[in-house]
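Everything on this sheet refers to the single structure shown next.
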Amino acid sequence: MEIKNIILIGIIGFIVFEVIEHIGIPIVFYFMKRKKKSVTGIESLLGEVVTVGQWKETEGQVFIKGEPWRAVSDIPLIKGEKAIIHNIEGLTLKVKPVGESVDHK
């Protein structure tokens with residue numbers, strides 16, 4: 001092989017590497033990140049599992065990461081039970097017991 005061919009192959013290889021590094025990889029990460037759930041704002045709480053604190057009939061208090069929140073449920077819950085947040089109205093969470101079907105409204 002001539003030296004010219006070796007240099008040409010090296011230059012082409014370098015250009016291909018740079019295109020993949022600066023265009024291909026960022027495009028892949030962009031599409032992967034797009035599918036992730038929001039990690040900020042109140043919407044990030046949807047689908048979170050919470051622990052029931054004080055509860056009376058269909059309303060009470062739940063704990064998310066140690067913080068108390070006001071919550072309501074169509075079904076009476078028991079203190080210590082796990083529930084899933086399925087909706088949010090203002091600062092009140094709507095929860096359902098774990099295991100019940102959850103639809104995000």
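None of the figures in this text is laboratory data; all of them are computed from the coordinates on show. Quick caveat, the model's predicted, so the values are computed rather than measured. Backbone-built Cβ (ideal geometry, glycine too); neighbour counts: all protein chains shown.
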*With axes computed from alpha carbons, what is the tilt in degrees of helix 3-19 against the longest principal axis of the chain, rounded to the nearest 10 within 0 to 90?*
20 degrees
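So which of Lys36/Lys94; Lys56/Lys82; Lys56/Lys79 end up more than 20 Å apart by C-alpha? Intermediate results must be reported in sequence, preceding the final value.
On the way: Lys36/Lys94 23 Å; Lys56/Lys82 15 Å; Lys56/Lys79 9 Å.
Violating the 20 Å limit, Cα to Cα: Lys36/Lys94.
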*asked:* Take Thr92 and Met32, extend 7 Å from each Cα along the Cα→Cβ direction, and tell me the distance between the two endpoints in nm.
replied: 4.2 nm
*Could you state the angle between the C-alpha long axis of helix 25-34 and the longest principal axis of the C-alpha atoms of the chain, as a value from 0 to 90 degrees rounded to the nearest 10?*
10 degrees
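What area, in nm² and to one decimal, does the C-alpha convex hull of the chain cast on average over all directions? Each step should come with its number before you reach the end.
Numbers: hull surface 42.7 nm².
Mean projected area for the chain: 10.7 nm², to one decimal.
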_Reachable aspartates and glutamates, given that their alpha-carbon falls under 12 Å from the alpha-carbon of Lys96 and they are not under 8 places away in the same chain_ = Glu48, Glu59, Asp74, Glu81
